[in-house]
Amino acid sequence: MPQTSKIFYQLKPLLQYVPSIEPPEKRVPLQDKLFWTLGCLLVFLVASQTGLYGIRIGDKTPDPWYWFRAVLASNRGTLMELGISPVVTSSLVMQLLIGSRLLHVDYSNKEDSALYTSAQKLCAIVITVGEALAYVVSGKMF
């Protein structure tokens, strides 16, 4: 085990609480895939229209993040305010750390690969909390 991947092993007790999905044991039928894809899309669309408490969604004030929101699948003043930006950001951060050789992951080792995936999810959760706090503390969300 290279020295730099010790971080993943030190985070291991915390990473066990990060949810993960086991790969299917048998081939999943197309109908099941379509059902779950459409179900997730429905949840996303409903969350994109559900306003946050105390926020007026129909407010006509200019949105300086309009084009950025289109790229990151977010919607102003709704549950999907942050969109997919925490997930994308955590993926970029982890890839930069590996690319700069600050972290080492042996993808052929299943445990290393699983720890990397869990660490990436944990990073996304931390980024989500950080972005949400920044919105709340700044008070300039809307």
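The values are calculated or read from the model by the stated rules, or taken from the named source; none is laboratory data. Model, not experiment: these values are computed from the prediction. Here the Cβ is made from the backbone with ideal geometry for all residues, glycine too, and neighbour counts use every protein chain on show.
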Seminar exercise, completed: Screening VAL105, VAL46 for residues that are over 30 Å from ILE7 (Cβ atoms), β-branched (Val, Ile, Thr) and either surrounded by 16 or more Cβ atoms within 10 Å (Cβ to Cβ) or modelled with pLDDT of 85 or more (or both) leaves only VAL46
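Quick grid of which residues meet (1) free of Cβ contacts under 8 Å to residues at least 24 places away in the same chain; (2) over 25 Å from LEU42 (Cα atoms); (3) aliphatic (A, V, I, L, M):
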residue	(1), (2), (3)
PHE68	yes, no, no
ARG76	no, no, no
PRO86	no, no, no
ALA114	no, yes, yes
LEU122	no, yes, yes
ILE125	no, no, yes
ALA132	no, no, yes
SER138	yes, yes, no
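Do any helices (runs of 4 or more DSSP H) lying entirely in region 25-128 carry at least 3 residues that are within 30 Å of LYS12 (Cα to Cα), and which ones are they? Spell out the reasoning first.
Numbers: elements: 30-49, 66-71, 85-99.
Answer list for region 25-128: 85-99.
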For this session: Determine if region 18-39 includes at least one residue that is under 30 Å from SER108 (Cα atoms), at pLDDT below 75 and of a type outside the set (A, V, I, L, M, F, W, C).
Result: no
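Could you say which residue among LEU82, LEU41 is in contact with a helix residue (DSSP H, G or I) (Cβ under 8 Å, 6 or more places away or on another chain) and either among the aliphatic types (A, V, I, L, M) or in contact (Cβ under 8 Å) with a residue 60 or more places away in the chain (or both)? So that I can check it myself, show each step before the final result.
Working: LEU41 fails: in contact with a helix residue (DSSP H, G or I) (Cβ under 8 Å, 6 or more places away or on another chain).
Just a single option satisfies the conditions, and that option is LEU82.
So, in region 8-24, exactly how many residues are in a loop (DSSP other than H, G, I, E, B) and either among the basic types (Lys, Arg) or surrounded by fewer than 10 Cβ atoms within 10 Å (Cβ to Cβ) (or both)? Break it down into steps so the answer makes sense when it comes.
Step one: filter region 8-24 for residues in a loop (DSSP other than H, G, I, E, B), giving 16-24.
So of that shortlist, the ones also either among the basic types (Lys, Arg) or surrounded by fewer than 10 Cβ atoms within 10 Å (Cβ to Cβ) (or both) come out as 16-17, 19, 21-24.
Of the residues in that region, 7 qualify.
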Exercise. Is there a residue being surrounded by 14 or more Cβ atoms within 10 Å (Cβ to Cβ) and among the polar types (S, T, N, Q) anywhere in region 58-76?
Worked result: yes
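Is it the case, given these coordinates, that LYS110 is loosely packed, with under 14 Cβ neighbours inside 10 Å and among the charged types (D, E, K, R)? Spell out the reasoning first.
On the way: loosely packed, with under 14 Cβ neighbours inside 10 Å: yes; among the charged types (D, E, K, R): yes.
Taking the combined requirement at face value, the residue satisfies it.
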